[in-house]
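Before any comments, here is the structure.
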Amino acid sequence: MCGILGWAGPATAPFSPHAFRKALDRLAHRGPDDQGVWQAPGVMLGHRRLSIIDLSQAGHQPMHSTAGASVITFNGEIYNYLELRDELARDSHAVAGGSDTAVLLELLELQGPAALQRLNGMWAFGYWDVPRRQLLLARDRFGVKPLYYRHGSGGLMFASEPKALLALDEQLRAVDEEALLSFLAFNNLYSGERSFYHEIKLLPPAHYAVYDAASNRLQLRRYWDYPTHFEMHRSAEEASEEFGTLFEDAVRVRLRSDVPVGVTLSGGLDSTAVLTAASNGHTASPHCFTSVYSDTDRGELEWAERAAAVTGALITAVPAPREHWMEVLPQVAWHMDGPGYSPAVYPLWCLMKQARANNVPVLLEGQGADEALGGYPWHGAIDLLQALKTDRTPAALMQRLRGMRGTFTTRWLCAWMLRESVPALVAIHRARSGFQAMMRPGIALPEPVEPISNEPDRLTARLRADHSMDVLPGLLHYGDAVSMAHSIESRHPFMDYRLVEWLFRLPSAFKINQGQTKWVLREYLRSHRQTAIGNRRDKQGYPTPAADWLTSGTGLGVEDRLVNKPSLLHQWIDPSRVSSLFAAVRRGDAGRLHHLYKLVSTQVWLDRCIEAG
């Protein structure tokens, strides 16, 4: 887990080696343990290292292959590197050192982009083929690790974060209007390949790019996609057993580390399953970190303690003090290089900071389970709508509804069923209450991106959209930014590609069963002495008191900044309407809180990263 920076081109670099090193320093938080720069005519590669596997100098980067025909700067982890190393050894290919990077480098030199299919992990890297003078950029299947680039007449620049590219070319410090409006209007943290900075693009997940320095040509190719068919011939017992086998192996390989590994534990289904698998068969359970808000508001601590009691794990409760949140938001904006849509980023920030203070630089997390297993209220609504079409038995429908009501309120279920049945209602709501209600006349919004799907049913189609477009990419973006801000490596067992492929081939009945969400995961918990958590029905994320934060005390300065002072945002929004939005949230209009937070985070990003630089 590191920070990478590079440039390749047909001529001399448009910046000095000194400027390149200063730009690399912008990524110091991603790699505080070591740094290196390699350069040759027409190419420069930089690396900031967070030492996790092979802590010796043998893991130093940029790294040369044993044959000397290639060089790599790599960010991420290849969890199956030991198995790949053994295969290389059987074929008489030596690997220098004990790092996963060394294994990857030799594999790429032998197989080129075809090697990507064999990797189980998260990654973003730049690989320079010396004799061909070609640069290979690649990103993992789900985009856990970021990779930004800018291609122009001066060649190709790439980096883990846009801020390093801005340090090389200040002309890039400009807002990409389409990306920003897409975020404000439609919640898209990702607008295709667009970043929030004009001319800086994001390599899409599951893609690689080949750049030829002589011709200055760049070509992108997809190397992986989701399965598009169900495997129907399995019983409930078989599905539960297969899930357990895949999930436990996903956790097992993510425990590979030469430094301590912990768990972020909320007491919910996902993180409890991760803790359970990580503790199964091991001599000691991982150190767990749980968010609370104060000495009186303990959040999910009681549920986390129940989960930890089964495994004997140690829990550190991490407060997220209200008085510090406005100090943190500008730092979050700088690390995210963009706005955000969830105040849950603040308790996560506090948690990562505490884990680093406790010398636990690797954390396993439960991210990715909801989007593959159907954990959100709209998934339940879609399941009920499908049942209305296929199962006319009143008793069966009532059983589904009763099961669902244990997790989601009837009001929310009905609202989501109406929304899913009549999509035009979403547009009406946005026009009346969302960003469009605050826009100045004449602003043209980009067209919302609609997923194209040939999935076998409506629920699976929605899960794929949430997993690849609408929900998970944004969560991964801020998760990576906030963890790396504190030099923490986050690992996600639910995003093991073997498990994801299996889950997307799994019939929907094993995900939402008789109204019970994430059924196959609950079965895993119930079979591993986590019955209380497995039967838990109330779903919570990080329920921050954001309305109070934004409209009183520490949030008042942001209101003044958005409404009364000159802002780039005012070219798109009417400040008097923003004032009305603050007033509505202050009166208790929780439905508009989300829109207000997006505006606040956007203003903080503009102040910190665009106007201040």
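Every residue, every condition in (1) in contact with a Leu (Cβ under 9 Å, 6 or more places away or on another chain); (2) within 24 Å of Gly154 (Cα to Cα), yes or no:
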residue: Leu181; (1), (2): yes, no
residue: Ile200; (1), (2): yes, yes
residue: Arg252; (1), (2): no, no
residue: Gly262; (1), (2): yes, no
Given the criterion without any contact (Cβ under 8 Å) to a residue 60 or more places away in the chain and either farther than 18 Å from His492 by Cβ or assigned to a strand (DSSP E or B) (or both), identify the matching residue among Arg306, Arg298.
Arg298
Going through Met404, Met352 one at a time, which residue ends up being part of a helix (DSSP H, G or I), within 25 Å of Val500 (Cβ to Cβ) and in the same structural domain as Arg505 (by TED's automatic domain parsing)?
Met352
Out of segment 275-302, which residues are surrounded by fewer than 23 Cβ atoms within 10 Å (Cβ to Cβ), out of contact with any Asp or Glu (no Cβ under 9 Å at 6 or more places or on another chain) and either of a type in the set (S, T, N, Q) or modelled with pLDDT of 90 or more (or both)?
Ser279, Thr283, Ser285, His287, Ser294, Thr296, Leu301, Glu302
Pick from segment 187-223, criterion over 18 Å from the mean Cα position of the chain (by Cα) and among the hydrophobic types (A, V, I, L, M, F, W, C), ranking: surrounded by the fewest Cβ atoms within 10 Å (Cβ to Cβ)
Ala214
Search segment 242-274 for residues being more than 21 Å from the chain's Cα centre (by Cα), of a type in the set (A, V, I, L, M, F, W, C) and not in a loop (DSSP other than H, G, I, E, B), and hand back the single one that is surrounded by the most Cβ atoms within 10 Å (Cβ to Cβ).
Phe243
Among the candidates Arg139, Arg118, which residue alone is buried (at least 23 other Cβ atoms within 10 Å of the Cβ) and of a type in the set (D, E, K, R)?
Arg139
Scan segment 469-524 residue by residue and report those that are among the aliphatic types (A, V, I, L, M) and closer than 23 Å to Val328 by Cβ.
Leu475, Leu476, Ala481, Val482, Met484, Ala485, Ile488
Looking at segment 82-94, is at least one residue modelled with pLDDT of 95 or more, assigned by TED's automatic domain parsing to the domain that holds Asp169 and within 24 Å of Met157 (Cα to Cα)?
no
Any residue in segment 571-580 that is under 22 Å from Met336 (Cβ atoms), surrounded by 15 or more Cβ atoms within 10 Å (Cβ to Cβ), modelled with pLDDT of 90 or more and touching a Ser or Thr at 6+ places or on another chain (Cβ under 9 Å)?
yes
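Conditions (1) charged (D, E, K, R); (2) closer than 30 Å to Gln399 by Cα; (3) modelled with pLDDT under 95; (4) crowded, with 21+ Cβ neighbours inside 10 Å, marked per residue:
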residue: Pro507; (1), (2), (3), (4): no, yes, yes, no
residue: Thr517; (1), (2), (3), (4): no, yes, yes, yes
residue: Arg526; (1), (2), (3), (4): yes, yes, no, no
residue: Asn535; (1), (2), (3), (4): no, yes, yes, no
residue: Asp538; (1), (2), (3), (4): yes, yes, yes, no
residue: Thr544; (1), (2), (3), (4): no, no, yes, yes
residue: Ser552; (1), (2), (3), (4): no, no, yes, no
residue: Leu556; (1), (2), (3), (4): no, no, yes, no
residue: Ala583; (1), (2), (3), (4): no, no, yes, no
Kindly check whether there is at least one residue in segment 465-472 that is under 30 Å from Ile4 (Cβ atoms), out of contact with any Phe, Trp or Tyr (no Cβ under 7 Å at 6 or more places or on another chain) and not in a helix (DSSP H, G or I).
yes
Of all residues in segment 347-406, how many are closer than 30 Å to His287 by Cα and without any contact (Cβ under 8 Å) to a residue 40 or more places away in the chain?
1
Pull up segment 416-434, narrow it to residues that are surrounded by 14 or more Cβ atoms within 10 Å (Cβ to Cβ) and in contact with a helix residue (DSSP H, G or I) (Cβ under 8 Å, 6 or more places away or on another chain), then point me to the one that is farthest from Leu599 (Cα to Cα).
Met417
Consider Ala437 against the criteria (1) of a type in the set (Gly, Ala, Ser); (2) farther than 30 Å from Asn358 by Cα; (3) crowded, with 22+ Cβ neighbours inside 10 Å: it satisfies all of them except one. Which criterion is unmet?
(3)
I'm trying to understand the selection: among the residues of segment 174-228, which are part of a loop (DSSP other than H, G, I, E, B), of a type in the set (Phe, Trp, Tyr) and modelled with pLDDT of 95 or more?
Phe196, Tyr223, Trp224, Tyr226
Which numbered condition trips up Thr73, out of (1) among the polar types (S, T, N, Q); (2) without any contact (Cβ under 8 Å) to a residue 40 or more places away in the chain; (3) under 26 Å from Gln35 (Cβ atoms)?
(2)
Listed by range, helices (runs of 4 or more DSSP H) wholly within segment 480-591 having at least 2 residues that are closer than 30 Å to Arg141 by Cβ are 497-505, 519-526, 531-534
From the set of residues in segment 207-229 that are aliphatic (A, V, I, L, M) and touching a residue at least 24 places away in the same chain (Cβ under 8 Å), which is nearest to Phe142 (Cα to Cα)?
Ala209
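The values are calculated or read from the model by the stated rules, or taken from the named source; none is laboratory data. Bear in mind the structure is a predicted one, so any value in this text is a computation, not a measurement. Positions of Cβ are generated from backbone atoms using ideal geometry, with glycine treated the same way; all protein chains shown enter the neighbour counts.
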